[in-house]
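For reference, the structure is listed below as structure tokens.
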Amino acid sequence: CGSSKYNVIFKENVAQIHQIVKCMNCGLMYAFPLDTRNFDVYASRNATSNPLQKNDPTVLHSFDKLPDYKKISEDLLKYISKGRILDVGCYIGTFLCFLREQGWETTGVELDARAVSFARQEFALPIINDALESLDTDQYHNSFDAITMLHLIEHLDDPASMLQVVRRLLKPGGVVVVETPTYDSLIFKLLGKRERSLSCNGHIIFYTVDTLRRLLEKIGFEVVVAKKVGRTLSMGRLLWNLGVMSKSTVVQKKVQHLIDKFDLLHSSHVHLNMGDMVRVYGRKVSR
């Protein structure tokens with residue numbers, strides 16, 4: 001909303017490295033002060049010249065998340081016809097592969113050059129190795145039926161600017177899908193500073209369904225549905241999350257030892273819906 005008045009919710013190094021505040025006007029929680037380099041720093045934190053391999057943890061985790069995203073294709077057909085879709089921050093493109101199999105015309109945008117190279121070699125996907133803003137040209141305006149932004153918006157210091165680009169890229173009546181952690185949840189009320197998503201240092205804006213809805217409406221989207229969604233977790237990922245919530249390096253090391261010893265990271269999957277993630281479908285409307 002632009003207001004400079006806030007209350008401090010967590011001081012720095014309590015929930016995460018950033019101080020987290022809450023706007024006294026609109027209720028949005030965010031890291032303060034915001035660092036305009038946050039996304040670049042977060043995206044490059046594990047930068048290396050070594051190419052990705054099929055057994056790399058981040059590659060395997062990308063496939064772990066796929067069962068949770070498959071419903072998006074089906075849901076989109078309630079609002080638009082199957083057509084051209086763009087996935088922003090698509091990483092190696094596992095979701096795009098699924099969409100292509102479902103008959104969508106797919107495009108991806110990804111900053112990680114290693115992930116783009118892997119996607120092109122393994123899946124022959126048309127992924128653009130650049131920021132979304134590079135598509136903000138006449139060539140791409142009004143050209144996509146749907147755009148997905150899955151667990152991206154919480155990393156952006158200026159989400160409104162990116163959503164404005166998204167709106168220009170969508171066809172009239174096109175749909176954006178935004179998924180992000182949400183903090184109007186029982187789990188956040190119970191855990192507070194120990195809530196898992198809050199602990200991620202790359203997260204700098206912390207939405208509720210209401211604050212995310214108002215942001216989308218401000219940019220020029222009609223929210224057609226907002227649903228709390230769950231996640232599919234391996235036993236190892238579940239244990240890892242518990243280690244994060246413990247805020248104890250000793251516990252985290254012991255958890256990691258168990259995960260490695262029994263190879264738990266990608267086995268024995270379970271689906272949990274704790275009400276701590278929201279998936280919002282917003283339709284581009286005329287102004």
GNM result for the chain, Cα springs below 10 Å: residue of Arg196, Arg167, Arg120 fluctuating most strongly: Arg120
For region 109-164 versus region 167-245, the gap between their alpha-carbon centres in whole angstrom: 19
Accessible carbon and sulfur surface of region 221-287 relative to its total accessible area, %, 1.4 Å: 60
All Cα pairs of region 153-277, percent lying beyond 22 Å: 47
Sequence-distant lysines (8 or more away, or on other chains) whose Cα lies within less than 21 Å of Lys247: Lys11, Lys189, Lys193
Rough spin-label spacing in nm, given labels placed 7 Å along Cα→Cβ, for Lys71 and Asn273: 0.5
Scattering profile of region 123-171 at q = 0.16, 0.27, 0.29, 0.30 Å⁻¹ [log10 I(q)/I(0), Debye over alpha-carbon scatterers]: -0.49, -1.20, -1.27, -1.30
Calculated P(r) of region 59-119 - Cα pairs past 20 Å, %: 23
Rounded to 5, the percent of DSSP beta bridges in the chain classed as antiparallel: 60
At q = 0.23, 0.27 Å⁻¹, base-10 log of I(q)/I(0) for region 175-248 (Debye sum, equal scatterers on each alpha carbon): -1.15, -1.36
Accessible area of the chain divided out per residue, in Å², using a probe of 1.4 angstrom: 49
Region 206-254 - Rg (one decimal) and Dmax (whole number), Cα, Å: 17.1, 48
Most mobile listed residue (Val251, Val176, Val88) in the chain, GNM with C-alpha springs under 10 Å: Val251
Positive-end extreme of charge dipole, region 148-252 - chosen from Thr148, Tyr207, Met235 (charges on Cβ): Met235
Fraction of beta bridges assigned by DSSP in region 169-285 that are antiparallel (%, nearest 5): 95
Carbon plus sulfur fraction of accessible area for region 63-113, probe 1.4 Å, in percent: 48
Contact order normalised by residue count of the chain, Cα under 8 Å, 6+ apart, percent: 18
Over the chain, equivalent-ellipsoid semi-axes from the Cα gyration tensor in Å: 28, 25, 18
For region 93-185, diffusion coefficient by Stokes-Einstein and Kirkwood Rh (Cα), 20 °C, 1.002 mPa s, µm²/s: 150
For Thr106, solvent-accessible area (1.4 Å; no DNA, RNA or ligand), Å²: 10
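The values are calculated or read from the model by the stated rules, or taken from the named source; none is laboratory data. Small disclaimer: the values here were computed from a predicted structure and weren't measured. Cβ atoms come from the backbone with ideal geometry, glycine included; neighbour counts cover every protein chain shown. The accessibility values were calculated without ligands, DNA or RNA, using every heavy atom of the protein model including side chains. Shrake-Rupley method; radii C 1.70, N 1.55, O 1.52, S 1.80 Å.
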